[in-house]
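Each value in this text was obtained by applying a stated rule to the coordinates, not by laboratory testing. All values derive from a computational prediction rather than experimental measurement. In this analysis, Cβ positions are derived from the backbone assuming ideal geometry, glycine residues included, and neighbour counts consider all displayed protein chains.
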Amino acid sequence: MSDTEFWEGYEIVLKNITILDHSIVPREKYHQSFEICKNIDPADTPFVAFSLFLNCKIWTGDKMLIKGLNKKNFKDFITTEDLFKDFLSKK
């Protein structure tokens, strides 16, 4: 990837990021998320909870999380590698 391609991708990503307050996620989503994450990495619980609450994908490069979520048939994630492949295929 060239410097120009990197910075174009960087700008696209940054303009699409929104910081959310974790308190908007209902407790039941946190409980459901913890059940999914407890044997993978409990620290990922908030990310999965937001995914469940907002019905959106998690962007992650965490190989352990990806493997664990796949084993639990949780498919609402996209890897950094997949994002770059998608970005480059649209050029």
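By the count of other C-beta atoms within 10 Å, a proxy for reagent exposure, ASP62, ASP41 are ordered fewest to most as ASP41, ASP62.
Rounded to whole numbers, the Karplus 3J(HN,Hα) couplings from phi for the range 24-41 are 7, 7, x, 4, 5, 5, 5, 5, 4, 5, 4, 4, 6, 8, 4, 9, 9, 7 Hz, using 6.51 cos²θ - 1.76 cosθ + 1.60 with θ = phi - 60°, and x at Gly and Pro. Residues in the range 9-16 carry Karplus couplings, in order, of x, 4, 5, 4, 5, 4, 6, 10 Hz; the curve used is 6.51 cos²θ - 1.76 cosθ + 1.60 with θ = phi - 60°, and Gly or Pro positions show x. Segment ILE17..LYS85, full-extension length gain: 22.5 nm, with 0.36 nm per residue of separation and the alpha-carbon distance subtracted.
Could you line up THR60, THR4, THR45 from fewest to most neighbouring Cβ atoms inside 10 Å? Before the final figure, lay out the partial values.
Numbers: THR60 16, THR4 8, THR45 20.
Least crowded to most crowded, the residues run THR4, THR60, THR45.
Taking the C-alpha atoms only, the angle from helix 80-89 to the longest principal axis of the chain is near 40 degrees.
Rounded to the nearest 20, the size of the Cβ-charge dipole of the range 46-91 about its Cα centre is 140 debye, with Lys and Arg at +1 and Asp and Glu at -1.
For the range 46-91, the Kirkwood hydrodynamic radius comes to 11.2 Å, computed from all pairs of different C-alpha atoms.
Between ASP41 and CYS56, what length in nm is gained on full extension when 0.36 nm per residue of separation is reduced by their alpha carbon distance? It would help to have the intermediate numbers written out before the result.
Numbers: separation 15, 0.36 × 15 = 5.40 nm, distance 1.96 nm.
Full extension of this stretch gives 3.4 nm more.
Close amide H contacts of ILE58 (hydrogens built in the peptide plane, cut-off under 5 Å, sequence separation of 5 or more or a different chain): PHE77, ILE78.
Here the chain is assigned +1 on the Cβ of each Lys and Arg and -1 on the Cβ of each Asp and Glu. Its dipole about the Cα centre then comes out at about 400 debye. Dividing the summed helix terms, -39500 (n - 2.57) for each DSSP H run of n ≥ 4, by the number of residues in the chain produces a 222 nm estimate of -17500 deg cm²/dmol to the nearest 500. Within straight-line reach of LYS71, meaning a Cα separation under 27 Å, sit the following lysines at least 8 residues removed in sequence or on another chain: LYS29, LYS38, LYS57, LYS63, LYS85. Ordering GLY61, PHE6, ASN73 by Cα displacement along the dipole of the chain toward the positive end leaves ASN73 in first place; charges were set at the Cβ atoms of Lys, Arg (+1) and Asp, Glu (-1). In order along the range 65-71, phi translates into HN-Hα couplings of 5, 4, 4, x, 5, 4, 4 Hz, rounded to whole numbers, per the Karplus curve 6.51 cos²θ - 1.76 cosθ + 1.60 with θ = phi - 60° and x for Gly and Pro.
If you model the chain as an ellipsoid using its alpha carbon gyration tensor, with each semi-axis the square root of five times an eigenvalue, the axes come out at 27, 16, 10 Å, biggest first.
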